[in-house]
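Notes to accompany the following structure.
The values are calculated or read from the model by the stated rules, or taken from the named source; none is laboratory data. None of the values given here were measured: they were computed from a predicted structure. Cβ placement follows ideal geometry from the backbone for every residue including glycine, while neighbour counts extend to all protein chains displayed. Side chains included, ligands, DNA and RNA excluded: accessible areas come from the protein's heavy atoms. Shrake-Rupley method; radii C 1.70, N 1.55, O 1.52, S 1.80 Å.
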Amino acid sequence: MSTTALQNVWQMLLKYDLSAANKRWLADHLYEQARKEEAQPYTIEELNARIDCAEADIAEGRIISRAEASERMQSYMNKYL
(Lines give C-alpha, C1' and ligand atoms only; values in the text may rest on other atoms or scores of the structure.)
Protein backbone atom coordinates (compact mmCIF):
# COMPACT_ATOMS: atom_id res chain seq x y z
CA MET A 1 0.00 0.00 0.00
CA SER A 2 1.17 3.50 -0.69
CA THR A 3 1.70 6.05 2.04
CA THR A 4 -1.32 7.96 0.77
CA ALA A 5 -3.52 4.87 1.00
CA LEU A 6 -2.30 4.15 4.53
CA GLN A 7 -2.97 7.76 5.53
CA ASN A 8 -6.50 7.40 4.15
CA VAL A 9 -7.05 4.29 6.26
CA TRP A 10 -5.70 6.15 9.29
CA GLN A 11 -7.99 9.14 8.65
CA MET A 12 -10.98 6.80 8.27
CA LEU A 13 -10.18 5.18 11.62
CA LEU A 14 -9.91 8.59 13.29
CA LYS A 15 -13.49 9.36 12.23
CA TYR A 16 -14.68 6.65 14.61
CA ASP A 17 -14.87 7.67 18.25
CA LEU A 18 -12.75 4.78 19.49
CA SER A 19 -12.00 4.38 23.16
CA ALA A 20 -8.45 3.74 24.34
CA ALA A 21 -9.41 0.08 24.83
CA ASN A 22 -10.73 -0.14 21.26
CA LYS A 23 -7.54 1.41 19.90
CA ARG A 24 -5.42 -0.98 21.95
CA TRP A 25 -7.48 -3.96 20.71
CA LEU A 26 -7.06 -2.86 17.11
CA ALA A 27 -3.32 -2.23 17.54
CA ASP A 28 -2.81 -5.59 19.25
CA HIS A 29 -4.58 -7.43 16.45
CA LEU A 30 -2.67 -5.59 13.73
CA TYR A 31 0.61 -6.25 15.52
CA GLU A 32 -0.17 -9.95 15.98
CA GLN A 33 -1.09 -10.33 12.31
CA ALA A 34 2.13 -8.59 11.22
CA ARG A 35 4.17 -10.78 13.58
CA LYS A 36 2.66 -13.94 12.08
CA GLU A 37 3.35 -12.75 8.54
CA GLU A 38 6.96 -11.92 9.37
CA ALA A 39 7.57 -15.23 11.13
CA GLN A 40 7.79 -17.28 7.94
CA PRO A 41 10.43 -20.01 8.19
CA TYR A 42 13.64 -19.75 6.21
CA THR A 43 14.10 -21.86 3.09
CA ILE A 44 17.09 -24.24 2.85
CA GLU A 45 18.66 -21.83 0.36
CA GLU A 46 18.29 -18.90 2.78
CA LEU A 47 19.74 -20.94 5.64
CA ASN A 48 22.69 -22.03 3.52
CA ALA A 49 23.30 -18.42 2.43
CA ARG A 50 23.31 -17.29 6.08
CA ILE A 51 25.78 -20.05 6.97
CA ASP A 52 27.99 -19.07 4.01
CA CYS A 53 27.99 -15.43 5.18
CA ALA A 54 28.83 -16.43 8.75
CA GLU A 55 31.68 -18.64 7.58
CA ALA A 56 33.01 -15.81 5.38
CA ASP A 57 32.85 -13.42 8.35
CA ILE A 58 34.85 -15.86 10.46
CA ALA A 59 37.41 -16.40 7.71
CA GLU A 60 37.81 -12.62 7.22
CA GLY A 61 38.09 -11.98 10.96
CA ARG A 62 34.84 -9.97 11.12
CA ILE A 63 33.92 -11.35 14.53
CA ILE A 64 34.00 -10.17 18.13
CA SER A 65 34.44 -12.11 21.32
CA ARG A 66 31.59 -13.00 23.62
CA ALA A 67 33.04 -10.57 26.19
CA GLU A 68 33.07 -7.74 23.63
CA ALA A 69 29.48 -8.52 22.58
CA SER A 70 28.42 -8.53 26.23
CA GLU A 71 30.21 -5.23 26.84
CA ARG A 72 28.50 -3.63 23.82
CA MET A 73 25.08 -4.82 24.97
CA GLN A 74 25.67 -3.53 28.49
CA SER A 75 26.77 -0.18 27.10
CA TYR A 76 23.67 -0.01 24.91
CA MET A 77 21.35 -0.86 27.81
CA ASN A 78 23.01 1.73 30.05
CA LYS A 79 22.58 4.36 27.37
CA TYR A 80 19.01 3.63 26.25
CA LEU A 81 17.25 1.86 29.10
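Worth a mention:
- Förster-model FRET efficiency, 30 Å R0, R50 and K79, C-beta, rounded to 0.05: 0.55
- For the chain, the solvent-accessible area works out to 97 Å² per residue, with a probe of 1.4 Å and every protein chain left in place.
- Label-to-label distance, nm, for residues given as K15 and A59 (7 Å Cα→Cβ offset): 5.9
- Of the residues L14, A49, I64, the one whose Cα sits farthest towards the positive end of the charge dipole of the stretch 7-81 is L14 (charges of +1 on Lys and Arg Cβ, -1 on Asp and Glu Cβ, taken about the Cα centre).
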